[in-house]
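A.B. asks: One structure follows; several queries about it will come next.
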Amino acid sequence: MTQPIDQPWEPAAGSDAAYALFAKEGRVVADDGTPIAYTVRNRGGSRVPVLFANGWSCSDAYWVDLLPALEARGHPCILPDTRGHGRSGLPRPAGRGARNLTIDDLSMARIARDLVAVLDDAGFDRALVVGHSMGVQTALEVYRQIPERVAGLVLLAGTYENPAKTFYGYSIGDKLFPLLGATMRYLPEVVKPVQATIGPASVGHFGARAAKAAGPKATAAQLHPYLLHLKAADLAVVMLMAGAMRAHSAADLLPEITVPTLVVAAGADVFTPARCSEAMHHRIAGSELITFPEAGHTLPVEEPDAIAAAIDDFVARRLPAPKPARRARAAKAPAAAEAAATKRPAKGTPRTG
């Protein structure tokens, strides 16, 4: 039976079993009816809570090592699935080519409101917001909406406005986007056979490396859960969200940011080049910049230990001790057993600016 388009859509239980790395036992309904799935790990941690903002088309795979590293350092970690991804739903069934959705349903401000709803439901008054790629844009919008509840910002390998303008270092991606987006949305039958070929980790890793989407330290095993997520995703929804990224700008907000901000750049990033991070750093008064010269857009996967250490130092120097967390509004199901963080020696030395 076809679901009515005036009712929210939610993925089936277990639909993310092939790729999810962190079980999402929490659920909150956003103000437009969209169910948002999330998890809280190390709720009783004594250090500032961390709210993670995912990148475009990303599952939780990009936090595979960074989240446990921050958890081991005493931070409560709040990790949602972006609407239309993983176990999070949509305000209505997408339909063929996402025809039942609008760009406003997937806008950066809309996703930021989801993150605020998660923060409310999880019972945290304030948090350090850590965003990667598109998550930089949504993290900035979280600050725009609730500046008094953002303890600080950590902006990883992202930009504050249309990323298509700097894609592979040129603006041609911005000009070609309407054609590519239309093909993926209105001719999904052309794209699905290609999407169906996603499978072996070694093949996906080779493709990501060839396209320079993955940096040299990102392994096939680390990228495989993300690729499996992409195989299961509705690419029309993903492309509509890319259009929302393209329409977004927080240029007006950057000079108004007053919370401690750490900007982390990847020197070999071809999607959001280091100059995007440098521009944010120069526009946000008092911000700090760290650059990993050899890292690519998969920065959180490539340098989790070094980034966790940098965040740890940043928090110790710039952020006051957090207040105890409030009780969540509703009782949550017990979380799945939490794996101990795996320690790896940091590779390479970040360059500060």
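A.B. asks: For region 252-260, indicate whether the set of residues that are surrounded by 13 or more Cβ atoms within 10 Å (Cβ to Cβ), of a type in the set (Ser, Thr, Tyr) and modelled with pLDDT of 95 or more is non-empty.
C.D. replies: So far as region 252-260 goes, no, none of its residues is surrounded by 13 or more Cβ atoms within 10 Å (Cβ to Cβ), of a type in the set (Ser, Thr, Tyr) and modelled with pLDDT of 95 or more.
A.B. asks: The conditions are (1) surrounded by fewer than 17 Cβ atoms within 10 Å (Cβ to Cβ); (2) modelled with pLDDT under 95, and Leu227 fails exactly one of them. Which is it?
C.D. replies: Unmet for Leu227, out of (1) surrounded by fewer than 17 Cβ atoms within 10 Å (Cβ to Cβ); (2) modelled with pLDDT under 95: (1).
A.B. asks: Read through the list (1) surrounded by fewer than 11 Cβ atoms within 10 Å (Cβ to Cβ); (2) under 26 Å from Leu66 (Cβ atoms), then give the number of the only condition that Glu189 fails.
C.D. replies: (2)
A.B. asks: Starting from region 299-318, keep only residues that are touching a residue at least 24 places away in the same chain (Cβ under 8 Å) and over 20 Å from Leu51 (Cβ atoms), then list their pairs with residues that are crowded, with 20+ Cβ neighbours inside 10 Å and among the aliphatic types (A, V, I, L, M) whose Cβ atoms are within a distance under 7 Å, requiring at least 6 positions of separation or different chains.
C.D. replies: The qualifying pairs are Glu302/Ala218; Glu302/Ala295; Glu303/Ala295; Asp305/Ala69.
A.B. asks: For Ala18, indicate whether it is out of contact with any Pro (no Cβ under 6 Å at 6 or more places or on another chain), modelled with pLDDT of 95 or more and either within 25 Å of Gly95 (Cβ to Cβ) or part of a loop (DSSP other than H, G, I, E, B) (or both).
C.D. replies: no
A.B. asks: I've got another one for you. Is there a residue being charged (D, E, K, R), in a helix (DSSP H, G or I) and either at negative phi or without any contact (Cβ under 8 Å) to a residue 24 or more places away in the chain (or both) anywhere in region 186-197?
C.D. replies: Within region 186-197 (the criterion being charged (D, E, K, R), in a helix (DSSP H, G or I) and either at negative phi or without any contact (Cβ under 8 Å) to a residue 24 or more places away in the chain (or both)), the answer is yes, since at least one residue qualifies.
A.B. asks: Continuing with the same structure: Look through Glu148, Glu161 and report the one residue that is surrounded by fewer than 18 Cβ atoms within 10 Å (Cβ to Cβ) and either of a type outside the set (Lys, Arg) or under 18 Å from the mean Cα position of the chain (by Cα) (or both).
C.D. replies: So the residue among Glu148, Glu161 that is surrounded by fewer than 18 Cβ atoms within 10 Å (Cβ to Cβ) and either of a type outside the set (Lys, Arg) or under 18 Å from the mean Cα position of the chain (by Cα) (or both) is Glu148.
A.B. asks: Taking the options Ala346, Ala308, Ala330, Ala321, name whichever one is modelled with pLDDT of 95 or more and among the aliphatic types (A, V, I, L, M).
C.D. replies: Ala308
A.B. asks: Moving on. Can you tell me which of (1) touching a residue at least 60 places away in the same chain (Cβ under 8 Å); (2) of a type in the set (A, V, I, L, M, F, W, C); (3) closer than 23 Å to Asp104 by Cα; (4) touching a Ser or Thr at 6+ places or on another chain (Cβ under 9 Å) is the one Val237 doesn't meet?
C.D. replies: If we test Val237 against (1) touching a residue at least 60 places away in the same chain (Cβ under 8 Å); (2) of a type in the set (A, V, I, L, M, F, W, C); (3) closer than 23 Å to Asp104 by Cα; (4) touching a Ser or Thr at 6+ places or on another chain (Cβ under 9 Å), just (4) comes out false.
The values are calculated or read from the model by the stated rules, or taken from the named source; none is laboratory data. All values reported here derive from a predicted model rather than from experimental measurement. Reconstructed Cβ throughout: ideal geometry from the backbone, glycine too, with neighbour counts over all protein chains shown.
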